[in-house]
Amino acid sequence: MNYFKLPLEEWTNTFINDWFLPNMSGFFDGISNVFQSFIDMITKLLIAVPPEIIAIILIILAWRISGKGLALFTLVGCLYMGSVGMWEAAMQTVGIMIVSTIVSVFIGVPLGILSETSKGVDKVIRPILDFMQTLPIFVYLIPSILLFGLGGVPAVIATFVFAAPPAVRMTSLGIKQVPAEVVEASKAFGSTTTQLLFKVQLPLAMPAIMAGVNQTIMLSLSMAVVSSMIGAPGLGSSVLRGIATVNVGLGLTAGLAIVVLAIILDRITQSLGQKTKF
Amino acid sequence: MNKIEIINLTKVFGEKPQKAVEMLKNGEQKDEILNKTGMTVGVNQVSLSVKPGEIFVIMGLSGSGKSTLIRLINRLIEPTAGEVFIDGQDITKMDKTALIEMRRKKLGMVFQKFGLLPHRSVLNNVAYGLEIQGVKKPEREARAMKIIEDVGLKGYEKSMPNQLSGGMQQRVGLARALTSDTDILLMDEAFSALDPIIRKEMQDELLRLQSKIGKTVLFITHDLDEALKLGDRIAIMKDGVIVQIGTPEEILANPANSYVANFVQDIDRSKVLVASHVMKIPEAVMFYHEGSQEAVRKMEESGSPIIYVVDKEKNYLGLLTIDNAIKAFNENLPLERVLFESALSDPDTPLNDLIGLAANAKYPITVVENGKLMGIISRVSILSGLVLGKNNDRVVVSA
């Protein structure tokens, strides 16, 4: 199949090294600083608050939103993370996860609304989402180090690329599933497009949007280990250290902590989604 | 002025609808256009007008374009061609703001599958129209509560729609449409999803509310019985075209074509036809002052054994049999002594109510309006009316 030579590799490198980095690094440094201070703020807050208080808040949330079972599991899980000395690492992971989720939701949900209301936007967004979800993680991990340096910020960006698509897709699916007669009725009584969106479509799409948020959170947690390869602190870096030093015990301890976090957050957000159903 | 005036309203679904509109103007039919261009004609050059305070029913089977037509009126579906005037304003030419204002102030709508907002309570559903108009909470809730009481849902205002039965949900739908206090109600198969008993209840409810508040109602249905019961006038639609417009009696009596005739043949006419449709001119009528001798002569002339007696103002006095007329003549009695009082009916009495009356009456039922003799109805007329429809003779009573 080698009929002509396509120098994509050389082109990309020339573009990145000779134009993109020199011209755009100021811009990306700016973004990087904003994200960094955001991550720092949340992580510092999570670490500064005594673990007991966070645990109690989580347990109450679990109890209120889901039930006694999850509350008990949350209690045991928090005790576990504390007693294996993983609390601070867990909070670092949660900090990065919160920022990634916020970014994904704040960008993903409006994009989902746009792609449902305009066919043109949908046509542009759909292939980009496919691209984001199928591109091997390491392909954009490397450029994001180039652009944002090492640490939490490239982890957030890489997580966003990986975790935002479900938020977009589920939002647009949720709006699509609002019964046609309900939308018609709302229009027939003289709703503006904005009223229709906020009073009818978004509330009724909430279960689907919450399912999207749930997926985003799960995907960000699953990125924890990968992110630690580009210097993100947290449970992932403990796992990585365990692997690098063939310390199976450390790997398992940190890995279990990720699983515990994932289960707690998954069940809470899932129950939240169920509560918005009618 | 007509409340709703529709002129040559057309909707074509497809890529190049204007081309299909041209073809329709040249008289081509829905099927031909579908075959030639692949476009579907929803509504084909429909013109009709609805008077204020009227219940106008559009009846057709599924695919006849009736639901499309009602959505063209408030532009839930954009018309391809034609005009819709609401109180003289052409809604098809309005910009978005004017259209929204028109929907808020003039056009309420009730849907087949209710279209209630499932995440809102009954009260918040009913108040929705006012809420989006920016009416403050205490006022809109007070107004919504009043309508909720009117439709018999008091006590359910805090319930969620999915906790209510179908009939109650549609009462919420009706209440929601009434709360904005629009002059016009568009009802799209509003009762079709309900059980027969509940449907009848809702029909009666609509008629009751209609007589109380005098809205102009455009009602879509596929059920001819419903159309005949509710409609002051009915339009029958087929393949996007209106086949016939008329009062229920006109449609039953004079179907415009075999399609309509097929529809109406199974209808229970006794509920629709009234006395004036089947009454006949009495064969013999006399003035009271003419006396018994003239009575006998007129009966002999007409060959009828009975004669109807009226005064100078044609007020009906009673009927006279030949035996009594001869008796009065021989014994020189005043006519009033021998006059017989027959069973009476208004011209508007449904045939249904006359059947019992006719069964017990010895003589034909006399139709009287404001005291004046209008005509007579024999048992035969009732039966033939039920079978054949209304009697087309012009009734002119002359003595």
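The values are calculated or read from the model by the stated rules, or taken from the named source; none is laboratory data. Just so you know, these numbers come straight off a predicted model, no measurement behind them. Positions of Cβ are generated from backbone atoms using ideal geometry, with glycine treated the same way; all protein chains shown enter the neighbour counts. Surface areas here come from the heavy atoms of the whole protein model, side chains and all, with no ligands, DNA or RNA. Shrake-Rupley method; radii C 1.70, N 1.55, O 1.52, S 1.80 Å.
Would you mind telling me the share, in percent, of accessible area of the range B:173-297 contributed by carbon and sulfur at probe 1.4 angstrom?
So the carbon and sulfur contribution to the accessible surface is 47 percent.
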Inset, instruction - Please compute how much accessible surface disappears when B pairs with A, both sides summed, using a 1.4 Å probe, and round it to the nearest 100 Å². - result: 2000 Å²
Inset, instruction - Quick one: what are the phi-derived ³J(HN,Hα) couplings along the range B:218-226, Karplus 6.51/-1.76/1.60 with θ = phi - 60°, whole Hz, x for glycine and proline? - result: 10, 10, 9, 8, 10, 10, 5, 4, 5
Legend entry - Per residue Cα convex hull volume in Å³ - calculated over chain B: 182 Å³
Inset, instruction - State the answer as a single residue: which of A:38, A:57, A:226 lies farthest towards the positive end of the charge dipole of the range A:14-275, with beta carbon charges of +1 for Lys and Arg and -1 for Asp and Glu, about the Cα centre. - result: A:57
Inset, instruction - In whole Å, largest first, what are the principal axis extents of the Cα atoms in chain A? - result: 66, 65, 39
Legend entry - Karplus (6.51, -1.76, 1.60) ³J(HN,Hα), θ = phi - 60°, over the range B:332-348, in Hz, Gly and Pro reported as x: 6, 8, x, 4, 4, 5, 10, 5, 10, 8, 8, 5, 10, 8, 7, x, 8
Legend entry - Packing rank of B:296-302, A:262-268, where each peptide gets the mean count of other beta carbons within 10 Å, highest leading: A:262-268, B:296-302
Inset, instruction - Determine one quarter of the surface area of the Cα convex hull of the range B:275-388, which equals its mean projected area, and express it in nm² to one decimal. - result: 6.9 nm²
Legend entry - Highest average packing first - A:95-101, A:119-125, Cβ atoms within 10 Å: A:95-101, A:119-125
Legend entry - Alpha-carbon Rg with Dmax, taken over the range A:121-260, Å: 19.9, 67
Inset, instruction - Give the long-range amide H neighbours of residue B:109: residues separated by 5 or more places, or on another chain, with amide H under 5 Å away, using H modelled in the peptide plane at 1.01 Å from N. - result: B:186
Inset, instruction - Express in whole angstrom the spacing between the alpha-carbon centres of the range A:258-278 and the range A:134-158. - result: 28 Å
Inset, instruction - Give me the orientation-averaged projected area of the Cα convex hull of the range B:53-135, in nm², one decimal. - result: 7.3 nm²
Inset, instruction - Within a 10 angstrom radius of each residue's Cβ in B:100-110, how many Cβ atoms of other chains show up on average? Whole number is fine. - result: 3
Legend entry - Helix-only CD estimate at 222 nm, as mean residue ellipticity for the protein assembly as shown, using -39500 (n - 2.57) per DSSP H run (n ≥ 4): -18000 deg cm²/dmol
Legend entry - Distance violations [Cα-Cα > 26 Å] among A:119/A:187; B:105/B:238; A:123/B:36: B:105/B:238; A:123/B:36
Legend entry - Residue (of A:204, B:178, B:203) at the positive-pole extreme of the protein assembly as shown, dipole from beta-carbon charges: A:204
Inset, instruction - May I ask you to derive the relative contact order of the range A:14-275, considering only C-alpha pairs under 8 Å and at least 6 residues apart, and to give it as an integer percent? - result: 24 percent
Inset, instruction - Please give the average number of partner chain Cβ atoms lying within 10 Å of the Cβ of each residue in B:352-362, rounded to a whole number. - result: 0
Inset, instruction - Could you go through the range A:183-191 in sequence order and give the Karplus-derived ³J(HN,Hα) for each residue, using 6.51 cos²θ - 1.76 cosθ + 1.60 with θ = phi - 60°, rounded to whole Hz, and x for Gly and Pro? - result: 5, 4, 4, 4, 5, 4, 8, x, 6
Inset, instruction - Return the average number of partner chain Cβ atoms within 10 angstrom of each residue Cβ along peptide B:121-130. - result: 2
Legend entry - Carbon plus sulfur fraction of accessible area for chain A, probe 1.4 Å, in percent: 72 percent
Inset, instruction - Work out how far the C-alpha atoms of the range B:33-184 reach from end to end along every principal axis, then list the three figures in whole Å, largest first. - result: 56, 31, 28
Legend entry - Taking all pairs of distinct alpha-carbon atoms in the protein assembly as shown, Kirkwood radius in angstrom: 31.9 Å
Inset, instruction - Answer rounded, prolate or oblate for the range A:63-163, using the Cα gyration tensor with square roots of eigenvalues a ≥ b ≥ c: rounded when a/c is under 1.5, else prolate when a/b is larger than b/c, else oblate. - result: oblate
Legend entry - Cα-centre dipole for the range A:14-275 with unit charges at Cβ (Lys and Arg positive, Asp and Glu negative), debye to 20: 540 debye
Inset, instruction - Show me B:60-70, A:24-34 ranked by packing, highest mean number of other Cβ atoms within 10 Å first. - result: B:60-70, A:24-34
Inset, instruction - Would you give the gap between the C-alpha center of the range B:309-379 and the C-alpha center of the range B:158-234, rounded to a whole Å? - result: 42 Å
Inset, instruction - Write down the accessible area per residue of the protein assembly as shown in Å², having rolled a 1.4 Å probe over the full set of protein chains. - result: 48 Å²
Inset, instruction - Could you tell me whether the range B:292-350 comes out rounded, prolate or oblate from its Cα gyration tensor? Rule is a ≥ b ≥ c as square roots of the eigenvalues, rounded for a/c under 1.5, then prolate if a/b exceeds b/c, otherwise oblate. - result: prolate
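Among residues other than residue B:44 whose Cβ falls under 12 Å from its Cβ, what is the net charge (Lys/Arg +1, Asp/Glu -1)?
0
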Legend entry - Amide H contacts of residue B:372 (H built 1.01 Å from N, under 5 Å, at least 5 apart or other chain): B:316
